[in-house]
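Enquirer: What follows is a structure written as structure tokens; I'll ask about it next.
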Amino acid sequence: MSLRFYDTKTAEVRDFVPLHEGRVGLYYCGATVQGEPHVGHIRSGIAFDQLTRWLSYSGYAVTVIRNVTDIDDKILAKSAASYLPEASEDPVAVENEPWWALAFRFEQAFDNAYETLGVDKPTYEPRATGHIPEMHQLISRLIEAGHAYPALDESGDVYFDVRSWERYGELTRQHIDDMQAAGDAGLQGKKDPRDFALWKGHKEGEPATAAWASPWGAGRPGWHLECSAMATKYLGSSFDIHGGGLDLRFPHHENELAQSAAAGDGFANFWMHNGMVTYQGEKMSKSVGNVVTPAEMLAMARPLVVRYYLGQAQYRSALDYKPGSLSEAAAAVERIEGFMQRALKTIADGRSSFGYMVQQPVPKAFAEAMDDDLNVPQALAAVHEAVRRGNSALDARDTEAARTALDEVTAMTDILLINPLDPHWNTATGADPATQEALEALVQNQLQARAEARTNKDYARADAIRDALTAAGITLEDTADGVHWTLSPRQDRAAGGGPTTYQGANHGQ
């Protein structure tokens, strides 16, 4: 099967052929850093991280651009509220915080969330405030082409003339007369209420630091303009994929496409949009009180479990959160983790192999699923089928079949970055391979002592050892293959999450 993606613009799944052989240019919208990240932001980051990983596995050199919108009406409003503490909704608001400091503070919060959940850093992560000259150039091109004009009220604003561009509405397949007025400026300076701001003239009361000189007077860029200027600067006038959340299709991406195409740029060949995260079928909303943040999820489950949960659905589908969602994800991670540790014990003759890696193709079923518009649910089905097959092989003491299954599971989970043995997850949970090795050695020592006590029929001592391990969060399971022990991190135990599973080296302990 060839690599195929759903293109929002054409509303069909199309074969993916890059504009330049062997190379892919991907731009996806990053954060407007006016507040803490929400799960929708992080889900989008994980979806496009999965896309990047699969493109890289498929042999492409991928250039990824994820922007930071660090100047915006909401950023200025929240900064202004910090001078009136009683008006601020930010629980960790900094009093008298300049807008640029507020933006950087929240940019760091996004970076921390992305890093914790394994979203790779993009090739470049440009800030809007660092690309003002490129935005001026784009505005000038649009004015010269007859698709933009300075505000009629001499406010210093510059608007895109939507009726001058016959293709306006092509991304979302809307007719211009059915669209709402653009809400980014007043109506008095516009030819049409739907005309949107390319440049916003400096207004009384706004910080002087939030204005840049321009041919149309001091001001700042419009939101839509920023992405067009940054995407083409780093990827060229035409590039392969533009992505973002489904909520960005209109007006943001519609306006990006219009202004870029009207200026003469080919812009994006594919438009890919990830679905929203809902709460028991309802849109998450602060006013309703049903918002779940990444920080809250990470307080309930390991980062690996949160990544698994947020990345388990097909990217275009809605992901519905409900109480118990993280426990279900933790159970799925536990099945993968338990098999891998059990198989490693058998294959490695009792030696731990944290960071176990393989260099082999993924199974055909997994590859076909990922080629089919990143069908991650089907890809995960291939992972869990290999886990079931591997456990059956271990039960039958078929070492070669178990090794094959382990290598397949490793290869597939590496692609999705849900391999429990990946060093990233040791770092994300505060553990490292040396710590894991030391813990295993200590537990094995206790298991040996317990086995000796049982051999000597000193059952009281054997039970005391088991009780001491249980009190430390370590659970033992006696099986025909030996003793399996599991360690549940404290945050997982509180949330019903999945433990880390190990197998004793000696049988009959």
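Throughout, read-outs are computed from the coordinates displayed, never taken from laboratory work. None of the values given here were measured: they were computed from a predicted structure. All Cβ positions, even for glycine, are placed from backbone atoms using ideal geometry, and neighbour counts span all protein chains on display.
Enquirer: Restricting to DSSP loop positions (anything but H, G, I, E, B) with no more than 15 other Cβ atoms inside 10 Å of their own Cβ, which GluC sites (Glu not before Pro) remain in the range 122-182?
Expert: E154, E166, E170
Enquirer: Could you check what % of the DSSP bridge pairs in the range 19-275 are antiparallel, to the nearest 5?
Expert: Values: 11 of 30 bridges.
Once the DSSP bridges in the range 19-275 are tallied, antiparallel ones form about 35 percent.
Enquirer: Over all directions, average the projected area of the Cα convex hull of the chain and note it in nm².
Expert: That works out to 26.5 nm².
Enquirer: Search the structure for amide H atoms under 5 Å from the amide H of F270, placed 1.01 Å from N in the peptide plane, and list their residues when 5 or more places away or on another chain.
Expert: Placed amide hydrogens put I241, H242 under 5 Å from F270.
Enquirer: In deg cm²/dmol, rounded to 500, what helix-only [θ] at 222 nm does the chain give when every DSSP H run of at least 4 residues adds -39500 (n - 2.57) and the total is split over its residues?
Expert: -13500 deg cm²/dmol
Enquirer: Scan the range 38-136 for chymotrypsin sites (Phe, Trp or Tyr not before Pro) in coil per DSSP, keeping those whose Cβ has at most 15 other Cβ atoms within 10 Å, and list them by number.
Expert: Passing sites in the range 38-136 are Y83.
Enquirer: Now, a different point. Taking 4 °C and 1.567 mPa s as the conditions, I'd like the Stokes-Einstein D for the range 158-210 in µm²/s, using the Kirkwood hydrodynamic radius from alpha carbon pairs. Before the final figure, lay out each step's value.
Expert: Details: Rh = 12.5 Å.
In µm²/s, the coefficient rounds to 103.
Enquirer: If you don't mind, another one. Taking the square root of 5 times each eigenvalue of the Cα gyration tensor, what semi-axes in Å does the equivalent ellipsoid of the range 324-426 have, largest first?
Expert: 21, 16, 14
Enquirer: At Q280 and V94, where each label point lies 7 Å from the Cα along Cα→Cβ, what is the point-to-point distance in nanometres?
Expert: My value for the distance between the label points is 3.8 nm.
Enquirer: Mind giving me the FRET efficiency for E125 and E154? R0 is 35 Å, r the Cβ-Cβ distance, nearest 0.05 is fine.
Expert: Computed FRET efficiency for E125 and E154 comes out at 0.45.
Enquirer: Pull up the cross-link candidates among the aspartates and glutamates for K200, meaning alpha carbon to alpha carbon under 14 Å and not fewer than 8 places away within one chain.
Expert: Counting by Cα, and skipping residues close in sequence, K200 has these aspartates and glutamates nearby: D72, D73, D153, E154, D157, D184, E226.
Enquirer: If you plug each phi of the range 68-80 into the Karplus form 6.51 cos²θ - 1.76 cosθ + 1.60 with θ = phi - 60°, what whole-Hz ³J(HN,Hα) values come out, in order, with x for Gly and Pro?
Expert: 10, 8, 10, 9, 5, 3, 5, 4, 5, 5, 6, 5, 4
Enquirer: A follow-up question, please. Taking the inverse of the average 1/r across all pairs of different Cα atoms in the range 26-87, what Kirkwood radius in Å do you get? Before the final figure, lay out each step's value.
Expert: Values: mean 1/r = 0.0726 Å⁻¹.
Computed over the range 26-87, the radius equals 13.8 Å.
Enquirer: From the phi angles alone, apply the Karplus equation (6.51, -1.76, 1.60; θ = phi - 60°) to the range 391-400 and give each ³J(HN,Hα) in whole Hz, x where the residue is Gly or Pro.
Expert: With coefficients 6.51, -1.76 and 1.60, one gets 5, 5, 5, 5, 4, 8, 6, 8, 5, 5 Hz.
Enquirer: Let me ask another. Would you work out which of H252, G118, M230 lies farthest towards the positive end of the dipole of the chain, given +1 charges on the beta-carbon of Lys and Arg and -1 on that of Asp and Glu, about the Cα centre?
Expert: The one lying farthest along the dipole's positive direction is G118.
Enquirer: For the chain, what is the relative contact order in percent, using Cα pairs closer than 8 Å and at least 6 residues apart in sequence?
Expert: Values: 847 pairs, mean separation 75.2, N = 509.
Relative contact order comes out at 15 percent.
Enquirer: Report the extension gain between R23 and D178 in nm, rounded to one decimal, defined as 0.36 nm multiplied by the number of residues separating them, less their alpha carbon distance.
Expert: Going from the current span to full extension adds 51.9 nm.
Enquirer: As a quick test, which of the pairs K74/K191; K74/K286; K121/K286; K283/K322 have an alpha carbon distance above 20 angstrom in this structure?
Expert: As for pairs spanning more than 20 Å Cα to Cα, those are K74/K191; K121/K286.
Enquirer: Compute the relative contact order of the range 19-275 as a whole-number percentage, counting only Cα pairs closer than 8 Å that sit 6 or more residues apart in sequence.
Expert: 22 percent
Enquirer: Under a plain spin-label model, where a point goes 7 Å from the Cα along Cα-to-Cβ, how far apart in nm are N112 and A441?
Expert: For the pair N112/A441, the computed spacing is 3.4 nm.
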